[in-house]
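These notes are about the structure you will find just below.
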Amino acid sequence: MGCGASAASEQPAARQTAAELPYWPLEAPDLSREVPPPQRLAKLLENRSYLEREEHVLNSFVVRCRETDENTDQAHDLLDHLALELASEQRIACAAFARFDKNRNGFLQVAEIEYMLDYLGFPHMPEDVTSFMSTIDREVTDGQISLEEFLQCVGRFGGTCKLFEMRRKQIQARGTDLAEKEEENKDHQRCELLACGLLEDEQASWQPLVSKADLTAAANMEPCQREAIRHVRHLARMNHEQALPLLTERFTHMGYTTSDMWMTLSWIRELAPVIIHVDLKTIAEFLRKDTHYRNQFETASSGGLLDTSVRDKWERSLFGAAYEGAEPFHRPKYGVLNVWNDPQGIYGCEQYGDSYLVLKDLRLRCTLAPQDSGGLPAQRLAVLDYCAHSLMEYTDAELQEMVGLARHGREKIGDSQVVCQAWGKYKEVQIHGEIDLSKHVERLVVPERHSDHAAEYDDLAKAKGWQITWAEEMERELEQKAGGAEMSREDFDNMLEKIADQGEAKEANLEAVPEAAKISDAPDEATQG
């Protein structure tokens, strides 16, 4: 089997809404307690023999359910929890399948598998794609992977968290804490994110790839901020889908594959740093004393145009009436997307300062512009997960510099000065909601020419809990790295062997479980009055 994509897999299809996807929305988990716990557990384990294996993230629930099946209330509580966790797992896995199913035909084909393996940090040469497909394509060996085959693969792998482990490591290397933590009510959070324009399948797609702090901050935005994000997401979703065929054609004409295009979009969505250029000579003391990074409506200062009436007009053009009458603190802040991973920051932003703050835990609260947003209409804005139309405004040189970074998740560096020649052509980010200097800044990057102020800047970073890096030192470190987190071919082969072994043992496991807890569908006689 070669790695050449079929014509169908080369052309992105128009995005279906969550309700239109054949595997979405998912059925609600069954929390009924009308049958005994062993029967409920046996039902949950149907077609999920992988839950019997210790390496699966939910195996502990199965073990505890069996240990407590005599204690009916406790067993039912555990089964409720297991059912809810399984529903969450399936929601994330289905969203992942939808992300990789680029032509929306309900199957993963060769080009899509190549992209998926590359994205997940797995080996992805033609022979790797062939090995993966021959291991997973078990229902009918038709050269494509169905949703059910994908779900079984994820289960045998140990769950979505383990599937995304390498990608999460790449993201964590940039300062994002993806560790599991206590979080607020999930249903409340889901509703608040819906109000921001994040559809349920989009939430599930983001969930394994952003921090809990990012999700919580997005859910807790002020009404004006939620409305601004919702307004832009609605437009960006449509414009992105309309631009995808054109972007695919452009990448092809430039000599790139569709996998290169998808990896570039993934680079922007999850890895490209969000930064704010600062002039430490003038604002270091303010940063030390203040709790938040503030906009010009609060500070009455700016590195660019200082006219709040003009800025107010621009923001109405960008975000509709969302910020009309809003408190200054609630208005957006402005930064730039370091799409070329330039350790020196972005050429053309020097007027704002030659040092910069690297931000974290706010990707869901960002909107994007292909240049300085002054006077732009909302139609030209994007969000991190819908930005194909924005990339259509990039020059060929800008795209070429970025594709080199996006391939294979490598920790490569780019040079913004090579491609960003005109003022205002940096890729602006509008950040909605607060930028708490103690929570949303990962590091301070300073050029070595300011080393005579090293003690002062070290003290500032220490006081705020930031890392501090000299730009030239960062450049040397990145140049020495061979690549980001990636799975070795030996580990990849071992993973496929383990998945294949589980597939062969599936029928035996399914036969063994019912024999151990074979229960009639009729009510238990002991429970009848």
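The values are calculated or read from the model by the stated rules, or taken from the named source; none is laboratory data. The model shown is predicted, which means the values in this text are computed figures rather than measured ones. FYI the Cβ positions are ideal-geometry reconstructions off the backbone, even for glycines, and counts take in every protein chain you see.
Residue by residue, here is whether (1) of a type in the set (K, R); (2) over 20 Å from L163 (Cα atoms) holds:
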site	(1), (2)
P37	no, yes
L45	no, yes
E52	no, no
L58	no, no
R66	yes, yes
Q90	no, no
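Within the stretch 323-343, being buried (at least 24 other Cβ atoms within 10 Å of the Cβ) and of a type in the set (G, A, S) holds for one residue alone: G335. Before we move on, is R443 modelled with pLDDT of 70 or more, more than 30 Å from R53 (Cβ to Cβ), among the basic types (K, R) and assigned to a helix (DSSP H, G or I)? For R443, the condition - modelled with pLDDT of 70 or more, more than 30 Å from R53 (Cβ to Cβ), among the basic types (K, R) and assigned to a helix (DSSP H, G or I) - is not met.
Within the stretch 432-449, residues that are in the same structural domain as P328 (by TED's automatic domain parsing) and buried (at least 19 other Cβ atoms within 10 Å of the Cβ) sit with their Cβ atoms under 6 Å from residues that are part of a strand (DSSP E or B) and of a type in the set (S, T, Y), at 6+ positions apart or across chains, in these pairs: R443/T469; V445/Y356; V445/T469; V446/S355.
Of the numbered criteria (1) more than 27 Å from A218 (Cα to Cα); (2) under 26 Å from the mean Cα position of the chain (by Cα), the one T264 fails is (1). When each of L199, L194, L244 is tested for being touching a residue at least 24 places away in the same chain (Cβ under 8 Å), surrounded by fewer than 20 Cβ atoms within 10 Å (Cβ to Cβ) and not acidic (D, E), the lone residue that passes is L199.
On the given criteria, is D260 outside the structural domain of N341 (by TED's automatic domain parsing), in a helix (DSSP H, G or I) and farther than 21 Å from A322 by Cα? Judged against the criteria, D260 is not a match.
Looking across the stretch 135-164, the residues that are in contact (Cβ under 8 Å) with a residue 12 or more places away in the chain, outside any loop (DSSP other than H, G, I, E, B) and not hydrophobic (A, V, I, L, M, F, W, C) come down to T135, S146, E149, Q152, G155, R156, T160, K162. Here Q109 clears all of (1) crowded, with 20+ Cβ neighbours inside 10 Å; (2) polar (S, T, N, Q); (3) more than 29 Å from G143 (Cβ to Cβ) except the condition numbered (3). In summary, E249 fulfils each of the numbered conditions (1) at pLDDT 95 or above; (2) of a type in the set (D, E, K, R); (3) in contact with a helix residue (DSSP H, G or I) (Cβ under 8 Å, 6 or more places away or on another chain) with the single exception of condition (3). Considering the stretch 273-379, the qualifying helices (runs of 4 or more DSSP H), each wholly inside and each with 2 or more residues that are farther than 18 Å from R443 by Cα and at pLDDT below 95, run over 296-299, 308-319. Looking only at residues in the stretch 61-72 that are of a type outside the set (A, V, I, L, M, F, W, C) and over 18 Å from P29 (Cβ atoms), the one that is surrounded by the fewest Cβ atoms within 10 Å (Cβ to Cβ) is E70.
Which of (1) closer than 13 Å to M495 by Cα; (2) buried (at least 18 other Cβ atoms within 10 Å of the Cβ); (3) of a type outside the set (A, V, I, L, M, F, W, C) does T160 not meet, given it meets every other one? (1) is the only condition that T160 fails. Scan the stretch 380-403 for residues that are in a helix (DSSP H, G or I), out of contact with any strand residue (DSSP E or B) (no Cβ under 9 Å at 6 or more places or on another chain) and touching a residue at least 60 places away in the same chain (Cβ under 8 Å) and jot them down. Selection gives D396, L399, Q400, E401, M402, V403. Filtered by the rule that a residue be in a helix (DSSP H, G or I) and either hydrophobic (A, V, I, L, M, F, W, C) or on the phi > 0 side of the Ramachandran plot (or both), the stretch 35-65 gives L41, A42, L44, L45, L51, F61, V62, V63, C65. The set of residues in the stretch 344-357 that are surrounded by 23 or more Cβ atoms within 10 Å (Cβ to Cβ) and within 26 Å of the chain's Cα centre (by Cα) comprises G345, I346, Y356, L357. Of the residues making up the stretch 101-114, one or more are within 16 Å of F164 (Cα to Cα) and in a helix (DSSP H, G or I). In summary, R230 fulfils each of the numbered conditions (1) surrounded by fewer than 19 Cβ atoms within 10 Å (Cβ to Cβ); (2) under 22 Å from M116 (Cα atoms); (3) in contact (Cβ under 8 Å) with a residue 12 or more places away in the chain with the single exception of condition (2). Scanning the stretch 45-65 for residues that are of a type in the set (A, V, I, L, M) and over 18 Å from L84 (Cβ atoms) yields no hits at all.
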